[in-house]
1. Enter the angle in degrees (range 0 to 90, nearest 10) between the Cα long axis of helix 81-90 and the first principal axis of the Cα atoms of the chain, meaning the one along which they spread out most.
2. Relative to the first principal axis of the alpha-carbon coordinates of the chain, what is the inclination of helix 21-38, with its axis defined by its Cα atoms, in degrees from 0 to 90 and to the nearest 10?
3. When N is the residue count of the stretch 23-65, what does its C-alpha Rg come to as a fraction of 2.2 N^0.38 Å?
4. Run the helix sum for the chain: -39,500 (n - 2.57) per DSSP H stretch of 4+ residues, divided by residue count, reported at 222 nm to the nearest 500 deg cm²/dmol.
5. Under the Kirkwood approximation for Rh and a Cα-based Rg, what ratio Rg/Rh is obtained for the chain?
6. Mind pulling the per residue volume of the convex hull built on the Cα atoms of the stretch 59-123? Å³ is fine.
7. As a footprinting exposure proxy, order 74, 32 by other Cβ within 10 Å, with the fewest listed first.
C-alpha cells in the first residue's frame with residue numbers, strides 16, 4: 001500500500017480576510033511539514049516508529065520529531081478515499097458525534113473556497 005504525497009500547490013490557498021492571514025500561513029507551513037514527513041523513507045514501513053496500539057483493522061504508531069510527537073494510524077477503508085475526504089470536508093462539524101474528546105465545534109469563517117477557520121473545544125486539553 002502506497003501513501004506517498006509528492007506535491008501540493010499551496011499558492012491558491014490564500015486568505016481573503018486579513019484577520020485570518022496568519023492562521024492560514026501557519027496552516028500552509030504545517031501542510032508542508034506534513035508532506036515532508038509522509039515522504040520520508042521510513043514513513044511507509046514505520047522504521048523507527050513505536051507501535052502504540054492495534055486491533056483487527058487499525059495500527060497506531062508514534063515517533064518523536066523536532067516539531068513534537070507525531071502519531072499515524074494505518075487502517076483499511078471499505079469505501080473510496082475521495083468519498084471519505086468529501087464527507088469530512090462537507091460535514092466537518094459532524095465530527096462531534098464521532099469523537100468523544102470534542103465538546104464543541106463550529107466553522108467560524110470560510111475566507112476562501114478551500115479554507116475554513118474552525119473552533120474546536122477538546123475536552124481535558
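Computed from the coordinates by the stated procedures, all read-outs in this text should not be read as laboratory data. All of these numbers come straight from a predicted model, not from anything done at the bench. A quick note on method: Cβ atoms are made from the backbone with ideal geometry, for glycine too, and the neighbour counts reach across all protein chains shown.
1. Helix 81-90 sits at roughly 30 degrees to that axis.
2. With both axes taken from Cα atoms, the answer is about 20 degrees.
3. Numbers: Rg = 13.1 Å, N = 43, 2.2 N^0.38 = 9.2 Å.
Against the compact-globule rule of thumb, the ratio is 1.42.
4. Values: 3 runs with 33 residues, N = 125.
Using -39500 (n - 2.57) per qualifying helix, the result is -8000 deg cm²/dmol.
5. Numbers: Rg = 16.4 Å, Rh = 17.0 Å.
My calculation puts Rg/Rh at 0.97.
6. On the way: hull volume 9.2 nm³, N = 65.
Convex hull volume per residue, Cα atoms: 141 Å³.
7. On the way: 74 15, 32 12.
Starting with the residue having the fewest Cβ neighbours, the order is 32, 74.
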